[in-house]
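Report on one structure; see the data block that follows.
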Amino acid sequence: MSDLTAIEAAAADQGISGPFSQAPAVGGITIALDGASAADHRVIVASNYCQAYHIENPVSVLLQDLVKTANGGADGKTGSTAKPSVTLRLLSGSTVLRCMGKSDLATICKNRVRITAEASVIHADGSIAQAPLVAQVEREGRVGGFCGNIARYTGIVTREAAIDLLRQAQAL
């Protein structure tokens, strides 16, 4: 999920609306994740087909990779860099995929991913402030004839939500 060209090609294949974001650039702060697995969840599929298909959305794995990129290669764990400036405590994640249509191939879907977190910001004077963060992204697209495409569709939308969450943290 780091190759933007491959993401755009996969999105075009499934008719997922863009634009798509570059991975977060290295910023002036270090981001650390706390409780990353709290955002991992099962995708809710509301559709005439693929109802029995289930997919887990491992948001924590994607976020750990994106945080490492945003930190310039450091993972933000204690001892790996200077003291983190922002700690993101992940609270929850959810994905709802809704598809309605007359045939599997023509059905238009909406995939919504929501990630909630609490950011703890360490100021220069040593004081700590906390702020709630919510990233929610919804994109139209198609699953097509293969229920397995739900994973790719969800991964693309989840990546956008995760990047939005990290940008919010960097802006604090």
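The values are calculated or read from the model by the stated rules, or taken from the named source; none is laboratory data. Bear in mind that the values here come from a model prediction, so they are computed numbers and not experimental data. We place every Cβ from the backbone using ideal geometry, glycine too, and count neighbours over all the protein chains shown. With ligands, DNA and RNA removed, areas are computed over all heavy atoms of the protein, side chains included. Shrake-Rupley method; radii C 1.70, N 1.55, O 1.52, S 1.80 Å.
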Contact list please: Cβ distance under 6 Å, first residue in the range 18-31 and farther than 24 Å from Lys110 by Cβ and polar (S, T, N, Q), second residue in a loop (DSSP other than H, G, I, E, B) and open to solvent by less than 40 Å² (accessible area, probe 1.4 Å), pairs at least six apart or on different chains. Thr30/Asn71; Thr30/Gly76; Thr30/Pro84; Thr30/Ser85
So if I check each of Ser103, Ser94, which one is out of contact with any Leu (no Cβ under 9 Å at 6 or more places or on another chain), at pLDDT below 80 and over 22 Å from Glu8 (Cβ atoms)? Ser103
Restricted to the range 4-37, and to residues that are of a type in the set (Gly, Ala, Ser) and within 13 Å of the chain's Cα centre (by Cα), which residue is surrounded by the most Cβ atoms within 10 Å (Cβ to Cβ)? Ala36
Give all pairs with beta carbons closer than 6 Å in which a residue from the range 150-161 that is of a type outside the set (S, T, N, Q) meets a residue that is surrounded by 23 or more Cβ atoms within 10 Å (Cβ to Cβ) and modelled with pLDDT of 95 or more; count only pairs at least 6 apart in sequence or on separate chains. Val157/Val113; Ala161/Val113; Ala161/Ile115
Residues that are among the charged types (D, E, K, R) and either at pLDDT below 80 or over 14 Å from the mean Cα position of the chain (by Cα) (or both): does the range 118-127 have at least one? yes
